[in-house]
Amino acid sequence: MDWLAVISGFGVGAIVGLTGVGGGSLMTPLLLTVFKLNPAVAIGTDLWFAAITKTSGSIAHHRHGHVDYKILWLLLAGSIPASIATLALMHFTGVTKGWASALTFSLGIALLLTAVTVAYKKVWHELGLKLEKWIPESRKPLFTVASGLILGALVTLSSIGAGAIGATLILLLYPRLEARRLVGTDIAHAVPLTLVAGIGHATMGHVDWSLLVALLVGSIPGIWIGAQLTRKMPDQLVRALLCVALVTAGLKVIH
């Protein structure tokens, strides 16, 4: 057992438990910098990490009725085809140095976008309320599918976006959706998307399975402890620390 991987999984799990986001955003840079994985392998490994760790949360939200299945199916109608198309392009062109560069750059951009979404959560809600005047209900399904297309390509290329960015897109289109249903729908969408993208990366040999197991062993107690600590730490402090980590990682990956 790689104890460094177990400790890393515990740390990322604790942050996920504290904030609800940041798993993929911090895990992929960690896999690149600490474990020195190839960008494609880091992304593929993280996709499986996300799919497995979020499955239990998705089931729990389903049982409590916190998933809006109309929004979920519309998102999947865009994200799954986009993910498959992106994987097919990667498969047929081959993951060359050019693709590695594109993967790394998309990862950096996704990290910075995640930092912005986490930092300005209230602003996105207010913007969503203003957009209601411009986006009629009849157009929302089309915009939801389009959001899924964006998330499908972004998650497949970077392993990031299914959490914070996905929740922000839902919030912009459905600002009056209950917070718990927004979170539940976002997590429920992340599981099949990361699983499809993860399977695609696995077929190209982009998953370090032994490392994945060690990360999961550490993440399970980490998520539980993080969830307990969230009651004792101010939300603004937690989000500020997460934003600093995301921006630092994003800038480091891009450069």
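The ranking of Ile84, Ile170, Ile160 from fewest to most other beta carbons within 10 Å of each one's beta carbon is Ile84, Ile170, Ile160.
If you wrap a convex hull around the C-alpha atoms of segment 60-158 and split its volume per residue, what is the figure in Å³? Don't jump to the answer; show the numbers that get you there.
Working: hull volume 13.7 nm³, N = 99.
Value for segment 60-158: 138 Å³ per residue.
If the elastic network links every pair of Cα atoms under 10 Å, which of Ala214, Ala82, Ala110 fluctuates the most in the Gaussian network model of the chain? Maximum among the listed residues: Ala214.
Report the calculated FRET efficiency for Thr93 and Thr248 (r = Cβ-Cβ distance, R0 = 45 Å), to the nearest 0.05. Intermediate results must be reported in sequence, preceding the final value.
Numbers: r = 32 Å, r/R0 = 0.70.
According to the calculation, E is roughly 0.90.
Note that segment 83-92 has calculated 3J(HN,Hα) couplings of 5, 5, 5, 5, 5, 4, 4, 5, 5, 7 Hz, one per residue in order, obtained from phi through the Karplus relation 6.51 cos²θ - 1.76 cosθ + 1.60 (θ = phi - 60°); glycine and proline are x. Distance between the pseudo-spin-label points of Tyr120 and His62 (7 Å out from Cα toward the beta carbon): 3.6 nm. Note that segment 3-254 carries a Kirkwood radius of 18.0 Å, evaluated over its alpha carbons pair by pair. Applied to segment 44-50, the Karplus parametrisation 6.51 cos²θ - 1.76 cosθ + 1.60 on θ = phi - 60° returns per-residue 3J(HN,Hα) values of x, 5, 5, 4, 5, 4, 5 Hz, with x for Gly and Pro. With a Förster radius of 22 Å applied to the beta-carbon distance between Leu229 and Ile7, the computed FRET efficiency rounds to 0.85.
Using θ = phi - 60° in the Karplus curve 6.51 cos²θ - 1.76 cosθ + 1.60, the 3J(HN,Hα) couplings for segment 149-160 round to 4, 4, 5, x, 5, 5, 5, 5, 7, 10, 6, 10 Hz; x is entered for Gly and Pro. In the chain, helices alone account for a calculated mean residue ellipticity at 222 nm of -27500 deg cm²/dmol, with every DSSP H run of four or more residues adding -39,500 (n - 2.57). Just grab the label-to-label distance for Lys133 and Ala202, each label 7 Å out from Cα along the Cβ direction, in nm (one decimal). With each label point 7 Å from Cα toward Cβ, the separation is 4.9 nm. When only Cα pairs below 8 angstrom with a gap of at least 6 residues are kept, the chain shows a relative contact order of 45 percent.
Read the figures in this text as sums done on the coordinates, not as results from a lab. This structure is a prediction, so every number in the text was calculated from the model and none was measured. FYI the Cβ positions are ideal-geometry reconstructions off the backbone, even for glycines, and counts take in every protein chain you see.
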